[in-house]
Amino acid sequence: MNARTVRLLLILGSFLAGLVLFSSIVLIVGGRNPVSVIMPSAAIGGPFQLLDQDAKPVSEQDFKGKPLLVFFGFVHCPDICPTTLFEMSEVLRKLGPDAGRVNALFITVDPERDTPAVLKDYLSSFEPQIRGLTGDPAAIAAVEKTYRVYARKVPLDGGDYTMDHSAVMYLMNKEGKFVAPFNLKRPPEAAAADLRRYF
């Protein structure tokens, strides 16, 4: 091979390596910090024991049999969380009578403040089908780990704090296995049509 062919092969190899690397990483903006890596599907999701907004114990088994949308956030989140829950609500509305064929969860990353009662009040502004889940800090840390969620407390002036967190909408299939991040940044009709494929 001549020098030009070698150079072209090296460029092509570098491009393909970069493409593979890029396609295996999804950067998520959480609060002010980007950062989260979507792991292989087998590594996302798993058992959990939490409380819903009615203080009823629930586990991952309660949501099998239907596709499941899962989002991690917190009630004091200023923008990303309410925007995402509004977009999720729009998709559920576009499903019409089929909305009951989907489970939708909002799992807090701030269990210190987000009690069941706080979640219930907060979620009253969105589609009633969205269930809020909380638990003690150890239970929340465990579910964050199974979903590969980044969450970190950030102190604010005056002794208050906020949370930086990854902002992935997870789509799980009827068996509770991770499918892909679910894209809400499109017309809700298109997202609803995509979701119907997993009924």
Open item on the list: Cβ-Cβ under 7 Å, sequence separation 6+ or interchain: first residue in the range 64-86 and free of Cβ contacts under 8 Å to residues at least 60 places away in the same chain and assigned to a loop (DSSP other than H, G, I, E, B), partner surrounded by 15 or more Cβ atoms within 10 Å (Cβ to Cβ) and aliphatic (A, V, I, L, M). Which pairs?
Closed with: Val75/Val118; Val75/Leu119
Task: Number of the exception - Thr162 against (1) crowded, with 17+ Cβ neighbours inside 10 Å; (2) within 14 Å of Leu51 (Cβ to Cβ) - done: (2)
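Could you list, in sequence order, all residues of the range 186-199 that are assigned to a loop (DSSP other than H, G, I, E, B) and of a type in the set (D, E, K, R)?
First pass over the range 186-199, keeping only residues assigned to a loop (DSSP other than H, G, I, E, B): 186-187, 197-199.
Correct list: Arg186, Arg197.
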- [ ] Within the range 146-185, track down each residue that is part of a helix (DSSP H, G or I) and under 21 Å from Thr84 (Cβ atoms).
- [x] Thr146
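Of the residues in the range 145-154, how many are surrounded by fewer than 19 Cβ atoms within 10 Å (Cβ to Cβ) and touching a strand residue (DSSP E or B) at 6+ places or on another chain (Cβ under 6 Å)? Steps first, please.
So the first thing to find is which residues in the range 145-154 are surrounded by fewer than 19 Cβ atoms within 10 Å (Cβ to Cβ), and the list is 145-146, 148, 152-154.
Checking which are touching a strand residue (DSSP E or B) at 6+ places or on another chain (Cβ under 6 Å) leaves us with 152-154.
Going through the range 145-154 one residue at a time, the tally reaches 3.
All of the numbers you see were taken from the coordinates with simple rules; none came from a lab. Values in this document were obtained by computation on a predicted structure and should not be read as measured data. Every residue, glycine as well, gets a Cβ built from its backbone with ideal geometry; the counts of neighbours run over all protein chains shown.
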